[in-house]
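Below is one structure, written out as structure tokens, with a few remarks after it.
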Amino acid sequence: MNNHVTVLEIDAASLQHNLAYFKQKLSPTTKILAVVKAFGYGSESKEIAKLLEDKVDYFAVAYSNEGVILREAGIKTPILVLHPQIQNLKEIAKYRLEPNLYNFKILDAFLKLADEEPLMNYPVHIKFNTGLNRLGFWHTDVPTIITELKKSNNIKVESIFSHLAASDDVNEQNFTVEQINNFAYIVKQIYEHLGYEPMIHILNTSGVVNYPQAQFDMVRIGIGLYGFGNNEEETNQLRNTHTLKSIISQIHLIQPGETVGYNRAFVANQPTRSATIPIGHADGISRKLGNKEGFVFINNQPAPIIGNVCMDMIMVDVTKIECKEGDEVIIFNLQKHVEYIAHKCETIPYEILTAISQRVKRLVKN
Ligand SMILES: *Cc1c(COP(=O)(O)O)cnc(C)c1O
């Protein structure tokens, strides 16, 4: 049992609101795949999956062990494993996870396993690279893929998909439309020759926002469920799901000339009250937030982080804030604050959320 006082609260009602927001944006027949990889974007994938299982058609995780965690928690919804490895295929079949087959090496390995087991009509997904150049077959592979698939009754292609490289960037609209068109062309060839028509999908959150015409049969929503629309207007429609909070462990009175923290990075030039909070870089608070770059909220007032961020602690300036040891500290509880932190850390909210380490206690608020 994790009894850490530093807690990441997950707001179930906000998560449901965000899902409903995307649902009303989409055609009623479009299926929804909820992306719960990386512990549900740093939250708690089991809890997220339990909250959403009746309302979505699919879940996706990156690696097979993330899918096993969901199955062991009793989740029965289909689970797409986005980045399986040959070493994990047996486990994938054992837990009825559905692999993304992205090259001939893994396609052949899964066909071999499916023949040996044997599996019958086992659901798999085929991914095409349309310009991200990360994972996926190339369009010229289509004839060979068809030939291989037609040889076997052991597997059944549940879906064909691709991933956009810059769905959030309006300057890359031409490139994105080309990706979508190339994908549609690949799908057309497969539909003509495979003998059945698997589902197709290409959109992530920003894709749903910017290219709704390409929603096809299903969309894959990750960051949007957790409150970020990758543009201000959309994010304003979404609710914050992740609240990171802690408490004040100790308050120090520091005299002018005294210093706070490692390397004496903060030097008091006036009598200063500092509060020590049990969260540090090992919990996901970047050292870039030290030296007054970042701040937390105590009794609704901003308290800048002073000195260097330690592994397990930060110190904040509370000279002007009425507070005492044991008081609550909000590290962040709004998307705007997460965006500010991301900006200061020269990154994106995705990284801030997923960086919250497993040491922090997770708590679902219903
Ligand atoms: C992570 C991921 C998503 C989700 O993207 P968001 O921008 O978080 O909505 C969708 N598809 C694939 C292939 C992914 O890897």
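Taken together, the values in this text are just the output of simple stated rules run on the coordinates, not laboratory data. Small disclaimer: the values here were computed from a predicted structure and weren't measured. Cβ atoms come from the backbone with ideal geometry, glycine included; neighbour counts cover every protein chain shown.
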### Message
Given contacts defined as C-alpha pairs under 8 Å and at least six residues apart, what's the relative contact order of the range 85-210, whole-number percent?
### Response
23 percent
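Please give the length that would be gained between MET1 and LYS288 if that part of the chain were fully extended, namely 0.36 nm times their separation in residues minus their C-alpha to C-alpha distance (nm, one decimal). If you can, show how the numbers build up before the last one.
Numbers: separation 287, 0.36 × 287 = 103.32 nm, distance 3.10 nm.
Full-extension gain reported as 100.2 nm.
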#### Entry: Per-residue HN-Hα couplings for the range 290-296 [Karplus 6.51, -1.76, 1.60; θ = phi - 60°; Hz; x = Gly/Pro]
x, 6, 6, 6, x, 8, 10
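Counting only DSSP beta bridges with both residues in the chain, what percent are antiparallel, rounded to the nearest 5? Numbers along the way, then the final one.
Working: 27 of 57 bridges.
Of those bridges, close to 45 percent are antiparallel.
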### Task
Using θ = phi - 60° and the Karplus relation 6.51 cos²θ - 1.76 cosθ + 1.60, list the HN-Hα couplings for the range 314-319 in order, rounded to whole Hz, with x at every Gly or Pro.
10, 10, 10, 8, 10, 3
## Note on the structure
Amide H proximity to GLN85 below 5 Å, modelled H, separation 5+ or other chain, gives SER64
## Note on the structure
Given backbone amide H placed at 1.01 Å from N, residues whose amide H is under 5 Å from that of ALA303, ignoring those fewer than 5 places away on the same chain, are VAL296, PHE297, ILE298
## Note on the structure
Amide H neighbours of ILE155 at under 5 Å, excluding residues fewer than 5 places away on the same chain, with H built from the backbone geometry, are ASN121, TYR122
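Report the full-extension gain for the segment ASP57 to HIS193: residue separation times 0.36 nm, less the Cα-Cα distance, to one decimal in nm. Walk me through the numbers on the way to the answer.
Details: separation 136, 0.36 × 136 = 48.96 nm, distance 2.67 nm.
So the chain would gain 46.3 nm between ASP57 and HIS193.
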### Message
For the chain, set up a GNM with springs between Cα atoms under 10 Å and report which of HIS343, HIS83, HIS242 has the largest fluctuation.
### Response
HIS343
#### Entry: Spin-label pair ASN153/HIS17, simplified geometry with 7 Å Cα→Cβ offset, distance in nm
5.2 nm
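By Kyte-Doolittle mean hydropathy of at least -1.0 and Cα axial length of at least 15 Å, which whole DSSP H helices of the chain are selected? Mind dumping the intermediate values first?
Values: long enough: 12-25 (20 Å, -0.56); 104-116 (18 Å, 0.52); 173-194 (31 Å, -0.24).
Long hydrophobic helices here: 12-25, 104-116, 173-194.
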### Message
If I build a Gaussian network model for the chain, linking alpha-carbon pairs within less than 10 angstrom, which residue out of GLN270, GLN189, GLN179 has the largest mean-square fluctuation?
### Response
GLN270
#### Entry: Relative contact order %, the chain, counting alpha carbon pairs below 8 Å whose residues are six or more apart
19 percent
### Message
How much length would be gained if the chain were fully extended between GLN173 and THR29, taking 0.36 nm per residue of separation minus their Cα-Cα distance, in nm to one decimal?
### Response
49.3 nm
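Rounded to a whole number, what is D in µm²/s for the range 12-228 from Stokes-Einstein with the Kirkwood radius over alpha-carbon pairs (25 °C, 0.890 mPa s)?
Translational D for this selection: 140 µm²/s.
Given only helices, namely DSSP H runs of n ≥ 4 each adding -39500 (n - 2.57), what is the per-residue ellipticity at 222 nm of the chain, to the nearest 500 deg cm²/dmol? Kindly include the intermediate steps, with their values, before the conclusion.
Values: 12 runs with 115 residues, N = 366.
Theoretical 222 nm ellipticity from helices: -9000 deg cm²/dmol.
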### Task
With θ set to phi - 60°, apply the Karplus curve 6.51 cos²θ - 1.76 cosθ + 1.60 along the range 223-231 and write out the HN-Hα couplings as whole Hz, x wherever there is a Gly or Pro.
3, x, 5, 9, x, 10, x, 6, 8
### For the chain, built as a Gaussian network whose Cα springs stay under 10 Å, the top-fluctuating residue of ASN181, ASN240, ASN300
ASN300
